[in-house]
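Okay, so here's the structure we're looking at.
The values are calculated or read from the model by the stated rules, or taken from the named source; none is laboratory data. Note that the structure is predicted; figures quoted are calculated from it, not measured. In this analysis, Cβ positions are derived from the backbone assuming ideal geometry, glycine residues included, and neighbour counts consider all displayed protein chains. Each accessible area value is taken on the protein alone, full model and side chains, heavy atoms only, with ligands, DNA and RNA left out. Shrake-Rupley method; radii C 1.70, N 1.55, O 1.52, S 1.80 Å.
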Amino acid sequence: MRIPGEPPPPASPRHYSGLLGALHHCISGGDAPAAVSLLPTLARAGLRAPFPLLSSLASLLLLRPAAPSFPSLAGRLLLYVRLAGLKRLVPHSTQLADRLLSLHFLLGRPRDARRLFAKMPRPSAHSYNAMLVGYARLALVAPAAEVFAAMPHRELFSYNAVMLALGRGGEEQGAVKLYSELRNSYPSLGYNHHTFFALLVACAELMDRELARQFHGHLMALGFLSDVNIASSLLDVYSKCGCVDDARNLFEEIPIKDVHTWTTIVCACAEDGQLATARQLFYQMPEKNISSWNALIEGYVCHGKPVEALNMFQQLLMEGLLPDQLTFGSCLSASAAMPMHSLKLGEQIHGMLLRSGFDLNVMIISSLIDMYSKCGYLDGAKQLFELTGRERKGAMLWNSMMSALCHHGHAKDVIGLFVQMIHERQKPDANTFLLVLTACCRCSLVEEGIKFFDLMNERYRIVPGQDHCLCMVDLVGHASADDKVGEWIKSSAFTFNKQFWEILVRNCTIDGNRELLNKVEEQLTELDHP
């Protein structure tokens, strides 16, 4: 009997020699990097590794999909299959094809997996399930539903995978409905902890308190609350629904609590503002990790207690723990919120980051820009932004710098930075346009604001949110009633709801802008608004 987690032996009983013997030896010994490194030599020698060997090598890689070397090793195995001229033959070997399907999905290549699956003359139940698991991992609902509908024979595993895909892909009600179908129409298939994990993923997204309580009773009746993973998932659902009292009652019911369970309840209490309770639970934890420290630090920051957050950070360092990006991000936010000496504190944290060789990722750089800006050191924010490589400047960093400029009243510089962003072919998002429209309001740049609003709609296909529309109402309401403004109001009639029209009329009345008010009233009459 093979020990769980041990690499599977090659399926073929034959004896190999030469390069194939070396490949067999590496796979049998569980040395995936050495086995993959032999593949180019095999290809140059014109040797095709037998499918049982390749299948065993793929299985070996699938044992550790989270390993840093996995993408490279899996990619090289798939490249060898193509270079060795095996691509046409693979679909006819169901065992190898099934494993390559999983590799494609883990590498984020659902189209390649789909093409391989379509060429398989006799896909097995395992083949269908590999597709469903892959789509669930990537939260691709439509193709998962299509494969599920085409399955000749469905298993509990299949239902679990589709429910997970639906829950992760925004079709939470569909996941609940599918569970109901499973229990009512196919009771012989049963259920297991994977079923309820998928269901709780959907429940967490729905944030339906009553549904969460119903599932609590259901899980209790079926005896699944003794499973620490299921209990922790339900705890997470209660936390996301804001049912902190329910979460605490459940926490007391759980017989075995792991570090994730403790962290979830600490996070729930901290997010709800029950900071004293969160701290008390935190110190009761038999084991702590960086996530539990972050939960409490973030709770202090979000509820206006930056001093307490930084004290916790200092205690974390004294205990010899390594902060992560969330820790540093929270502490930089705390520094920005400090009433005194905040810049000095922020600079100390920045220095600590640099000395420790910590990777200044996008989130950290954004937090640093925000900290320097709120501490009154705009030049520091600018220097940091300018020193950041172009390849790392996504919408988040551009938005942070624009927000910093807005915070200091440099509205025209915000517009200039937006123009630079477009010239550098960076794609703006909804927050970018909100900052730009806000800058136009502050500078009374009505015509420019209208152009940016239309650019957001027409070129970038960003649907205006309430904040965008309110910003435009404010901008247009203080403008003169020239032809362009009047025409824009007329053409944008269906963008504004009743509330926006009322605000626009009120602004015109307050400013005594009778000419624009007349145009607005004409438009409202045409729209049959009171």
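List of remarks:
For every residue, the table says whether it meets (1) of a type in the set (Gly, Ala, Ser); (2) modelled with pLDDT under 90.
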residue: ASP359; (1), (2): no, yes
residue: MET363; (1), (2): no, yes
residue: GLY376; (1), (2): yes, yes
residue: LEU397; (1), (2): no, no
residue: HIS408; (1), (2): no, no
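One line per residue, one yes/no per condition, for (1) surrounded by 18 or more Cβ atoms within 10 Å (Cβ to Cβ); (2) in contact (Cβ under 8 Å) with a residue 12 or more places away in the chain; (3) in contact with a Lys or Arg (Cβ under 9 Å, 6 or more places away or on another chain):
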site	(1), (2), (3)
TYR283	no, no, no
LYS288	yes, yes, no
SER291	no, yes, no
LEU296	yes, yes, yes
HIS303	no, yes, no
PRO306	yes, yes, no
ASN311	no, no, no
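- Note on the stretch 337-375: among residues that are in a helix (DSSP H, G or I) and polar (S, T, N, Q), the one that is farthest from LEU405 (Cα to Cα) is SER356.
- Considering residues of the stretch 216-266 that are within 22 Å of the chain's Cα centre (by Cα) and open to solvent by 40 Å² or more (accessible area, probe 1.4 Å) only, the residue farthest from TYR179 (Cα to Cα): HIS260
- Every residue from the stretch 419-433 that is surrounded by fewer than 21 Cβ atoms within 10 Å (Cβ to Cβ) and either under 28 Å from the mean Cα position of the chain (by Cα) or not hydrophobic (A, V, I, L, M, F, W, C) (or both): GLN420, ILE422, HIS423, GLU424, ARG425, GLN426, LYS427, ASP429, ALA430, ASN431
- Looking only at the stretch 442-472, and only at residues there that are crowded, with 19+ Cβ neighbours inside 10 Å and more than 32 Å from the chain's Cα centre (by Cα), the one that is nearest to HIS408 (Cα to Cα): LEU445
- Listed by position, the helices (runs of 4 or more DSSP H) enclosed by the stretch 58-165 that each have at least 2 residues that are open to solvent by 40 Å² or more (accessible area, probe 1.4 Å), without any contact (Cβ under 8 Å) to a residue 60 or more places away in the chain and within 30 Å of PRO40 (Cα to Cα) are 70-83, 94-106, 110-119.
- The stretch 396-424 residues that are under 15 Å from LEU434 (Cα atoms), paired with ones that are basic (Lys, Arg) (beta carbon under 7 Å, 6 or more apart): HIS407/LYS374; ALA411/ARG442
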